[in-house]
1. Within the group 396, 414, which residue is over 16 Å from residue 506 (Cα atoms) and within 26 Å of the chain's Cα centre (by Cα)?
2. How many of the residues in region 43-77 are outside any strand (DSSP E or B) and touching a residue at least 24 places away in the same chain (Cβ under 8 Å)?
3. Return yes or no: is residue 82 open to solvent by 50 Å² or more (accessible area, probe 1.4 Å) and either among the aromatic types (Phe, Trp, Tyr) or part of a loop (DSSP other than H, G, I, E, B) (or both)?
4. Looking only at region 143-164, decide whether some residue is under 30 Å from residue 384 (Cβ atoms), touching a residue at least 24 places away in the same chain (Cβ under 8 Å) and surrounded by fewer than 19 Cβ atoms within 10 Å (Cβ to Cβ).
5. Kindly list, by first and then second residue, each pair from a residue in region 274-289 that is of a type in the set (Val, Ile, Thr) to a residue that is surrounded by fewer than 19 Cβ atoms within 10 Å (Cβ to Cβ), limited to pairs with Cβ atoms under 8 Å and residues at least 6 apart or on different chains.
6. Restricting to region 101-126, and then to whatever is part of a loop (DSSP other than H, G, I, E, B) and open to solvent by less than 30 Å² (accessible area, probe 1.4 Å), can you tell me which residue is nearest to residue 199 (Cα to Cα)?
7. Can you tell me how many residues within region 283-319 are of a type in the set (Val, Ile, Thr), open to solvent by less than 40 Å² (accessible area, probe 1.4 Å) and closer than 15 Å to residue 350 by Cα?
Amino acid sequence: MRSFLAKTIVFDKTMINITLPDGSVKQYPEGVTALEVARGLSEGLARNVLAAKVDEEVWDATRPIDKDCHLTLLTWQDEDGRAAFWHSTAHLAAEAIEQLYPGAKFGIGPHIDTGFYYDIDFGDNEISSDDFAKIEERVMKLAAEKQPFVRKDVSKAEAIKYFTEKGDEYKLDLINDLADGTITFYTNGTFTDLCRGPHIPDTSFIKAFKLTSIAGAYWRGDENRKMLTRIYGVSFPKQKDLKEYLEFLEEAKKRDHRKIGKEMELFTFSPKVGAGLPIWLPNGTAMREQLEKFLKKVQRKAGYVQVMCPHIGNVELYKTSGHYDKYGKDSFQPINTPVEGEQFFLKPMNCPHHCEVYRSKPRSYKDLPLRIAEFGTVYRYEQSGELHGLTRVRGFTQDDAHIFCTADQLKAEFESVIDIILLIFRTLNFKEYSAQISLRDKVDHSKYIGSDENWEKAEKAIIEAAAEKGLNTYVEYGEAAFYGPKLDFMVRDALGRKWQLGTVQVDYNLPERFGLEYVGADNQKHRPIMIHRAPFGSMERFVAVLTENTAGRFPLWLTPVQFTVLPISEKYLDYAKKVKELLEDQELRGNIDDRSEKTGRKIRDAEMKHIPYMLVVGEKEAAEGTVSVRKHGEGDLGSMKLEDFAKRVTEEVKEYK
């Protein structure tokens, strides 16, 4: 009888249609979970399901589904699956810390690209990396308990009551920004957190855990608020994955652009100049000049014109462009002049100046496309806790260009920009990359400017251009800028890390704001379309990524110091100078190490500085007009006539360029 009733209840339940990734549609009782769907397909699959994508939203695999939907089961192999795994680990780590440090208060604990962090107020307790081992031990003990992550909808009043009683002012601060009816708690074991989710089914999936670093972070990024302790960690479903990751971290340390930049004397920072404002040293400047020379040559062939604009502009310029509203409060503050009421602004973007270049004279359709390029330095006030070497700075130079064109020219211009970006990737040996096509939200068009017709044309042009260039693309709806769709290039470096480098964006907004016009073939005035593009992104970030990708072994044409001459004693210094002068006549870059050090020491120092060629000269070399050649990473190449060496190296440079 009980079996009959159970079957009857299931039979009477409202059925929903679930569409699986292969396009098949299956019916399930309303309230079925993604985990139950997985079990119906394969027990092996179910054991690996971490979360699920219900339509476009990531859910807990254990959350009841009450509507027709498209369902994708997420495992460790999926980015969203790993995100849920690491976010769940943050909650597990918080439970362990709360048990070990009673009274600890918790800020936010999101997943990041590799693991998670949690901002914590430890109160009177002091914590350092020496405490990591006991936290890790407690985390793994709790993970073995197979604690489920339980989701609960709560009212705003309930949420405020809970965290008021707990005495956690950080959660109360977050709750103030939330609307009633949108608040959820998650509980695992003894820990309850304010959280949107999603989470993995239970803690038993976490088989390996490691705290990786500790830092300070102002609450909500506000330097006027309390400094919390930020703990970084990572976890894996297998112990061997953690072992491989720790090996990866060691290799990453060796490739850190801050370490290599110091060894190669590329750049430096000075507290007197200011945090986040890099100073390019002679070697780094030589490298930047080569990159700029390379791109300027490419741009000349593609019909770009070069301009130079001031580093500041009147505040009214940025109010017109909208950048003052976007960057004003959180950026460098306006500069007051002796004239009352007159204010200037450090430029956060180059585009407003380029709009004024366009406006400098009347334009005809015959002038279009107009391609304006500039290596322009911009300034944005990043919080001190966010600064990191060259990858996150307050002053940086963009290889910026803005193309003003007609709607009919848009696709061809987009393809031309893609060609430039791909040429850079090929030249600098970035082999693995993809492109994100960012389009409007499918339903809500209210936050975008411009007509539906223009948007549809622009989106179609981007999609077709990317397809015709054979790009590996993926589409993200709702990720377009409010002024137009865009294409962002994501590069994977030698360690598999993902970086955003080149970007191309369509803009209907600034031409409208600045009243840009051209006279068409019909003798009527029309609004041009604007394309923003930056193949390198910024010189600082690009050099950082390139340094870590190559471990400082740059292509010879780009290496700041291509050779060093090592006289074995002072009496061969004149011949060393002759060698240097001859090679410099071939437009090669080098120096002489005339220190009174042993030759072996000089070679080791040159290797440390990643100098490709070391030329040892002594009595035999001076008499025969030769050099004894060593190559970085390869060792002794033997004796060569000076002219033969010069020819070899100049050909190697030309091979890349």
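The values are calculated or read from the model by the stated rules, or taken from the named source; none is laboratory data. This is a predicted model, so every value here is computed, not measured. Methodologically, a virtual Cβ is constructed for each residue, glycine included, from the backbone with ideal geometry; neighbour enumeration extends over all protein chains shown. Heads up: the accessible areas ignore ligands, DNA and RNA and are worked out on the full protein's heavy atoms, side chains in. Shrake-Rupley method; radii C 1.70, N 1.55, O 1.52, S 1.80 Å.
1. Going through 396, 414 in turn, the sole match is 396.
2. Qualifying residue count for the region: 14.
3. No; evaluated as a whole, the condition is false for this residue.
4. no
5. That search, which allows pairs on different chains as well, returns 279/268; 279/269; 279/270; 279/273.
6. My answer is 109.
7. Residues flagged as of a type in the set (Val, Ile, Thr), open to solvent by less than 40 Å² (accessible area, probe 1.4 Å) and closer than 15 Å to residue 350 by Cα within region 283-319 amount to 2.
Conditions (1) crowded, with 17+ Cβ neighbours inside 10 Å; (2) over 15 Å from residue 90 (Cβ atoms), marked per residue:
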site	(1), (2)
183	yes, yes
198	yes, no
207	no, yes
210	yes, no
226	no, yes
234	yes, no
264	yes, yes
